[in-house]
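Peer 1: One structure, as structure tokens, below. Some questions next.
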Amino acid sequence: MPVEKTELLKGTLDMLILKTLTCGPTHGYGVARWIEERTRDVLAIEEGSLYPALYRMERRGWIASEWGLSGNNRRAKFYRLTPEGKRQLAMEISSWERLVLAIGQVLAPQPI
């Protein structure tokens, strides 16, 4: 049975990319595949969203990049997390956890 894809909530892509890069440097395609694999293909990261996010995060100093060779010997830009990116990820995780808790409180069954 095919898995239905779910759209990302606004503001979550940066957090997912930063979390992916805690596993080590990788190229853009590797970032997208890691997220898709971790979510069992529920989340699909489109190139039209991924690369602008990577460029924006690099400008902010959250990630850094350098050119290298991918697993299939193709030239690729590899991204890695910076210390500023680690701090940003911690802030985003904290914010996400507060949001999930608040939504959980709204969705929880109410006593009759």
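The values are calculated or read from the model by the stated rules, or taken from the named source; none is laboratory data. Bear in mind the structure is a predicted one, so any value in this text is a computation, not a measurement. We place every Cβ from the backbone using ideal geometry, glycine too, and count neighbours over all the protein chains shown.
Peer 1: Inside region 71-84, can you point out the residues that are within 20 Å of the chain's Cα centre (by Cα) and of a type outside the set (D, E, K, R)?
Peer 2: In the first step, residues of region 71-84 are kept if they are within 20 Å of the chain's Cα centre (by Cα); the result is 76-84.
Passing the criteria: ALA76, PHE78, TYR79, LEU81, THR82, PRO83.
Peer 1: So if I check each of GLU58, GLU66, which one is modelled with pLDDT of 95 or more, of a type in the set (Asp, Glu) and either within 19 Å of GLY11 (Cβ to Cβ) or touching a Cys at 6+ places or on another chain (Cβ under 9 Å) (or both)?
Peer 2: Details: GLU66 fails: either within 19 Å of GLY11 (Cβ to Cβ) or touching a Cys at 6+ places or on another chain (Cβ under 9 Å) (or both).
Residue meeting the stated conditions: GLU58.
Peer 1: Follow-up. Looking only at region 16-55, filter to residues that are within 20 Å of ILE93 (Cα to Cα) and of a type in the set (Lys, Arg); which one of those is farthest from the chain's Cα centre (by Cα)?
Peer 2: ARG38
Peer 1: Follow-up. Kindly list, by first and then second residue, each pair from a residue in region 84-102 that is over 13 Å from THR12 (Cα atoms) to a residue that is among the small types (Gly, Ala, Ser), limited to pairs with Cβ atoms under 7 Å and residues at least 6 apart or on different chains.
Peer 2: Taking only residues 6 or more apart or on different chains, the pairs are GLU84/GLY61.
Peer 1: Here's a follow-up. I want to confirm something. Restricting to region 69-83 and keeping residues that are aliphatic (A, V, I, L, M) and over 20 Å from THR12 (Cβ atoms), which single residue is surrounded by the fewest Cβ atoms within 10 Å (Cβ to Cβ)? Show your work before the answer.
Peer 2: Step one: filter region 69-83 for residues aliphatic (A, V, I, L, M), giving 69, 76, 81.
Then drop every residue that is not over 20 Å from THR12 (Cβ atoms), which leaves 69, 76.
On the way: LEU69: 11, ALA76: 18.
Ranking the qualifying residues of region 69-83, first place goes to LEU69.
Peer 1: Something else now. Quick one: what pairs do we get from region 24-48, first residue surrounded by 12 or more Cβ atoms within 10 Å (Cβ to Cβ), second assigned to a helix (DSSP H, G or I) and charged (D, E, K, R), C-beta under 7 Å, 6+ apart or different chains?
Peer 2: Within 7 Å, the pairs are LEU43/GLU36; ALA44/GLU36; ILE45/GLU36.
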